[in-house]
Amino acid sequence: MPAEEYSGKLKSLKSKSKKSSRIPPKQLRMALVIVVSVIVIFEVYNIYFTAKNRELEELENNRAVAIDTIDKLFFEYPNDPQKIAYVIKLQQSQDEENIERILDDAQKYLEIKQYKTLAINQIKDMYGEYYGSSIKANELERKINAANSTAEVDELFKQSNVEEEVKEILEKSLEKTISSGDSYFYVEMSGQEYFMTKDDVLEITDSMGIMQLKEFRVTPVSNLNKLTVVVSSRQCGKIPLSGDSILVYNKNTPEAPIAYAVIDSSYVILPDIGYSEERSVSNVVNDEGSESTVESTSSISYTLNNLPGVLHATAADKLDIGTVIDKFGSYGERLNKIEDNTQIFDENVNYLLIVAVPSEKVSNLVAVNSEDLYIVKAAGGN
């Protein structure tokens, strides 16, 4: 082969080789676009994946915070089944909006629940010891627990007219107490103590509200403790009679009475009765025109020794009971009347008083020397 021909073929081959290894511009641009797209997609995916992880972490954190909030909200009601229901909803929640909605529902639920609790406690407080025995009160509690709003609770409370029923229950209880047949009652009211008749009790309680009636304490006199007190007339004045209300003071602590009592019975202590009197009498005598004066003095002395012995003799049928009662009956009352009319008072007389007092006041009286006691008739007493 001639050299020129070989050289020509070689050049032709190189030229073809160069042409076949060159990438057309259009294809190159497409390749670049694909590469860039892949890189962009990869970066976007990384950004999305990172954001998604961050979002999931934030959501998980919000769930934990919300569940902790539920625990705190239900602190007073740890066993409320609704608490578990809210926790499950939060665990399944997929977005912040739903979490907030669940917390709002829980807040509203607890507001209503607490309102119901306050309403029921108020009803229990109003009924007091009568709550358990009131069918109406227990039915009202059931309805309140089933209520769906505070407005519904208010309406139930309004319709039930609790105050009227409670007042009626208290008045019936009071009426039962004062229908015991006793004439007098020991009354505790507003920190004060009194003895009253049945009519007085009914009159004073007629205008009382529920709270006043609940604090009002009435005890029939027959249910009180009775004890004996011996005092002189100087400590007592006129002898108090059965049914009289009295205040008993200790002269060493006169600031306040140590007991409020009612007289069950009272007696004058008289071992002897003595009486003496001298009377002078003068008469003018006319004898045949001559007048003369005759004077004489008479002495009357009367003594009844051992007066208690007279009573024992009468009880033993040795003396006529009718005569003795006629002579000595209501001695204390008659003594009071005569002393009033004459304004003469015997300070040496002693009285034996049987007084009725509440059990908690007995020790007050027993602990004090009888000589230190002073008896004052209570205002409004008989």
**OP:** Could you check, for region 193-203, whether at least one of its residues is outside any helix (DSSP H, G or I) and among the hydrophobic types (A, V, I, L, M, F, W, C)?
**Re:** yes
Original post:
Within region 100-141, how many residues are closer than 30 Å to residue 90 by Cα, within 28 Å of the chain's Cα centre (by Cα) and not hydrophobic (A, V, I, L, M, F, W, C)?
Top reply: 6
Original post:
Can you tell me how many residues in region 81-101 are in a helix (DSSP H, G or I) and either open to solvent by 80 Å² or more (accessible area, probe 1.4 Å) or closer than 13 Å to residue 68 by Cα (or both)?
Top reply: 14
**OP:** Output the number of the condition that residue 178 fails; it satisfies all remaining conditions of (1) within 20 Å of residue 130 (Cβ to Cβ); (2) modelled with pLDDT of 85 or more; (3) not polar (S, T, N, Q).
**Re:** (2)
**OP:** Could you look through region 197-211, keep only residues that are open to solvent by 20 Å² or more (accessible area, probe 1.4 Å) and in contact with a strand residue (DSSP E or B) (Cβ under 8 Å, 6 or more places away or on another chain), and pick out the one that is farthest from residue 123 (Cα to Cα)?
**Re:** 197
Subject >> Selection status of residue 374, outside any helix (DSSP H, G or I), of a type in the set (Ser, Thr, Tyr), open to solvent by less than 40 Å² (accessible area, probe 1.4 Å) and not assigned by the TED database to the domain that holds residue 196 >> reply: no
**OP:** Quick one: which residue in 129, 203, 111 is outside the structural domain of residue 68 (by the TED database) and either of a type outside the set (A, V, I, L, M, F, W, C) or under 30 Å from residue 242 (Cα atoms) (or both)?
**Re:** 203
**OP:** Give the residue, chosen from 273, 263, that is over 20 Å from residue 181 (Cβ atoms) and touching a strand residue (DSSP E or B) at 6+ places or on another chain (Cβ under 7 Å).
**Re:** 273
Original post:
Is there a residue being more than 14 Å from residue 352 (Cα to Cα), open to solvent by 30 Å² or more (accessible area, probe 1.4 Å) and among the aliphatic types (A, V, I, L, M) anywhere in region 175-192?
Top reply: yes
**OP:** Test residue 347 against the criterion of being within 29 Å of residue 253 (Cβ to Cβ), in contact with a helix residue (DSSP H, G or I) (Cβ under 6 Å, 6 or more places away or on another chain) and not aromatic (Phe, Trp, Tyr), and give yes or no.
**Re:** yes
Original post:
Can you name the residue in region 108-148 that is of a type in the set (S, T, N, Q) and exposed (fewer than 13 other Cβ atoms within 10 Å of the Cβ) and is also modelled with the lowest pLDDT among such residues?
Top reply: 133
Subject >> Residue among 269, 239 that is surrounded by fewer than 19 Cβ atoms within 10 Å (Cβ to Cβ), modelled with pLDDT of 90 or more and aliphatic (A, V, I, L, M) >> reply: 269
Original post:
What number of residues within region 314-356 satisfy the criterion of being assigned to a loop (DSSP other than H, G, I, E, B), acidic (Asp, Glu) and in contact (Cβ under 8 Å) with a residue 60 or more places away in the chain?
Top reply: 2
Original post:
For the subset of region 149-173 comprising residues that are among the polar types (S, T, N, Q) and either farther than 26 Å from residue 110 by Cβ or touching a Pro at 6+ places or on another chain (Cβ under 9 Å) (or both), which member is surrounded by the fewest Cβ atoms within 10 Å (Cβ to Cβ)?
Top reply: 161
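Rundown of residues vs (1) at pLDDT 90 or above; (2) touching a Leu at 6+ places or on another chain (Cβ under 8 Å), yes/no style:
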| site | (1), (2) |
| --- | --- |
| 314 | yes, no |
| 319 | no, no |
| 338 | yes, no |
| 342 | yes, no |
| 351 | yes, no |
| 360 | no, no |
| 378 | no, yes |
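The values are calculated or read from the model by the stated rules, or taken from the named source; none is laboratory data. Only a predicted model underlies this, so the values are computations on that prediction, with no experimental measurement involved. As a convention, Cβ positions derive from the backbone with ideal geometry for all residues, glycine included, and neighbour counts pool all protein chains shown. These area figures cover heavy atoms from the full protein model, side chains too; ligands, DNA and RNA do not enter into them. Shrake-Rupley method; radii C 1.70, N 1.55, O 1.52, S 1.80 Å.
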